[in-house]
Amino acid sequence: MTGFIKETTPQITPIVYNDFRHSLCVGETGCGKTTSFMLPNISNRIQENYGMLIIDIKGNLHSHVKAIANQHRRLKDVKEIGVPWGQKINIFENLTRSLFLDTLNEVNGESNGDKFWISSALNLAGQIYDIFAISKNLDALLKRRITKVLGYKFDAKTLNKILSNFDTLKMFIADCNNFLSHLELKKIAKLTERGVTDNDIYLIRQFAQELKIAVDKVNNFYKDIDQDSPAAGSGGVFFVLRSLMHTFSQNGLDGQVELKELLENGKIVILHANTYDENLNLALMNILYKRLLIRNNQKPITLFIDEFQRSVSKKNIPYIDLFREMNVELIAAMQNIQQLENKLGETRCNEFLGNILHNYEFANHRENSLDTFEFMYKNKKAIAKPIFLKNKEKVLAQIKWQNLSDNPLPLGWVYFRPDGYKRAIIAHVKTKEIKYHYTLDEKDISLERELKTIKHKGSL
């Protein structure tokens, strides 16, 4: 590409045609991929009212997105995941059994731990999944015709609570058996008096039997735990599964809403990939890729992924050949194709690239020029004018967004960066002072008030 730009080269904003046939932008660091390609297309899709997932690798893209969303009056649609003050999602919502187990295996990594222990831990995870899946079917059939339900939600917070220690696992088993006591044959048969059909009675009975089998398996596992040597045998398997599940106790992964649901509702979701390790990011993307194949509506969705090679592996590639039918498009950027070949292998890389219609090649060959960038599209040369946002625009958008969220800050303060679970570093816009800030949920706030009350009474 050296020397191909002339002064007569047209200046064009490289907006990807919205035919859901995907786009890839390739260019070395500093050639304008973010400011001249990603941001203009983010602005366009925001204006077109798309649902969007934006992967923030470096942790600074979110401020640009908020400023652009503010310009298009869509700031209220911006949601952040991976930071203490952000949206909380339930990544286990609507997962199949195999995808749930694949997700746990993904976060473990290919070389972490003995295969026997991992395999055994996944076997226990599958039995626990079965309990939740069967009880969900029972809840749907019973439809409040009995007052007793299992009362557990299939999410990271609940699973971590169940696996926190041997006693909590024992309590879960006891609750399952208590639920089963309400599903004895005589009690089920009486449900006909409450309008339950004979066919539903048969299904309830069948699911009750399957639930008992699943609960007995988990109970037998618990009985095999040697309380005197808890790290051995079944106890060791329990600790491995607890460790895997603990991965999902991070910021943003202990909520109730599904990521796909946010996108289908037209939200602009920013995933702070820099706050999660690579295995967890791959697991999250793998779940999303599979879930997007089953759409609840036809709301257009765009996946914006910079440093694209970081979001894929040989087992985890977006289904772009099927996404078009689902009104889902991929707009990605990376430094060079070799990065993708290293991750996928040459054959799979070529297969993937063959399904991308819109290919852009960026470079910056103009000396001392940081405000115009060269690119080629379909063998035609052009100059792209970047989007440069003033710091004031980004700060004002951040403050406005915070005031719209569930975690506003005092006047003049903005979120700077996450610093652990529920804790963030915030900065004052004018004084530049920084300090720690804790994002508390309702139960935390209640506890805080209780402690203040006790402290006040003690000082009287």
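Every read-out reported here was derived from the displayed coordinates using simple, explicitly stated rules and does not represent laboratory data. A quick note: this is a predicted structure, and the numbers were derived from the prediction, not measured. No Cβ is skipped: glycine too gets one built from the backbone with ideal geometry, and neighbour counts run over all protein chains shown.
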Quick check: net charge around residue 155, other residues with Cβ under 12 Å of its Cβ, Lys/Arg +1 and Asp/Glu -1? +1
Each residue of region 428-435 in order: what ³J(HN,Hα) in whole Hz does its phi give by Karplus 6.51 cos²θ - 1.76 cosθ + 1.60, θ = phi - 60°, with x for Gly and Pro? 8, 4, 8, 7, 6, 5, 10, 7
Under a cut-off of 23 Å between alpha-carbon atoms, report the lysines in cross-link reach of residue 380, not counting same-chain residues fewer than 8 places apart. 6, 33
Counting other C-beta atoms within 10 Å, and keeping those with at most 13, which DSSP coil trypsin sites (Lys or Arg not before Pro) do you find in region 37-72? 58
Contact order relative to length for the chain, counting C-alpha pairs under 8 Å separated by 6 or more residues, stands in percent at 30
Which of 76/267; 79/432; 66/392; 186/212; 392/435 have a Cα-Cα distance over 18 Å? 79/432; 392/435
Loop-located GluC sites (Glu not before Pro) in region 287-382, at most 15 other Cβ atoms within 10 Å (DSSP): 367
Starting from 0 in steps of 20 Å, tell me what percent of the Cα-Cα pairs of the chain lands in each bin. 21, 47, 27, 5, 0
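Counting chymotrypsin sites (Phe, Trp or Tyr not before Pro) as exposed when in a DSSP loop with at most 13 other beta carbons within 10 Å, what is the longest stretch of the chain free of them?
On the way: sites that count: 4, 17, 388, 421.
Longest stretch, sites excluded: 18-387.
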Treat each spin label as a single point 7 Å out from the Cα along the C-beta direction, and report the residue 299 to residue 182 distance in nm. 3.4
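Ratio of region 97-248's C-alpha Rg to 2.2 N^0.38 Å, to two decimals?
Numbers: Rg = 17.0 Å, N = 152, 2.2 N^0.38 = 14.8 Å.
Here the Cα radius of gyration is 1.14 times the empirical estimate.
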Dividing the surface of the Cα convex hull of region 179-227 by four yields a projected area in nm² of 3.6
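Mind giving me the FRET efficiency for residue 417 and residue 379? R0 is 45 Å, r the Cβ-Cβ distance, nearest 0.05 is fine.
On the way: r = 42 Å, r/R0 = 0.94.
Between residue 417 and residue 379 the formula returns 0.60.
Stick to the Cα atoms of region 1-139, pair each with every other, and give me the Kirkwood hydrodynamic radius in Å at one decimal. Spell out each step's value before the answer.
Values: mean 1/r = 0.0509 Å⁻¹.
Value: 19.7 Å, from the Cα pair sum.
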Quick check: the angle from helix 198-223's long axis to the longest principal axis of the chain, C-alpha only, nearest 10 degrees? 90
Relative contact order in percent for region 97-248 (Cα pairs under 8 Å, 6+ apart) equals 36
Return the long-range amide H neighbours of residue 373 (sequence gap of 5 or more, or a different chain), with a cut-off of under 5 Å between placed amide H atoms. 384
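If the convex hull of the alpha-carbon atoms of region 16-95 is projected onto planes in all directions, what is the mean projected area in square nanometres? Show your work: numbers first, answer last.
Working: hull surface 28.0 nm².
For the Cα atoms of region 16-95, the hull's average projected area reads 7.0 nm².
Compute the length gained on full extension between residue 441 and residue 342: take 0.36 nm times their separation in residues and subtract their Cα-Cα distance, giving the result in nm to one decimal.
Working: separation 99, 0.36 × 99 = 35.64 nm, distance 4.27 nm.
Result for the pair: 31.4 nm of gain on full extension.
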Return, for the Cα atoms of region 251-304, the radius of gyration and Dmax in Å, separated by a comma. 11.5, 32
Taking alpha-carbon centroids only, region 11-76 lies from region 222-278 a number of Å equal to 31
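Mean residue ellipticity at 222 nm from the helices of the chain, using -39,500 (n - 2.57) per DSSP H segment of n ≥ 4 over the full residue count, to the nearest 500 deg cm²/dmol? Mind dumping the intermediate values first?
Numbers: 16 runs with 199 residues, N = 460.
Counting only the DSSP helices, I get -13500 deg cm²/dmol.
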Kirkwood hydrodynamic radius over Cα pairs of region 248-406, then Stokes diffusion coefficient at 10 °C and 1.306 mPa s, in µm²/s: 87
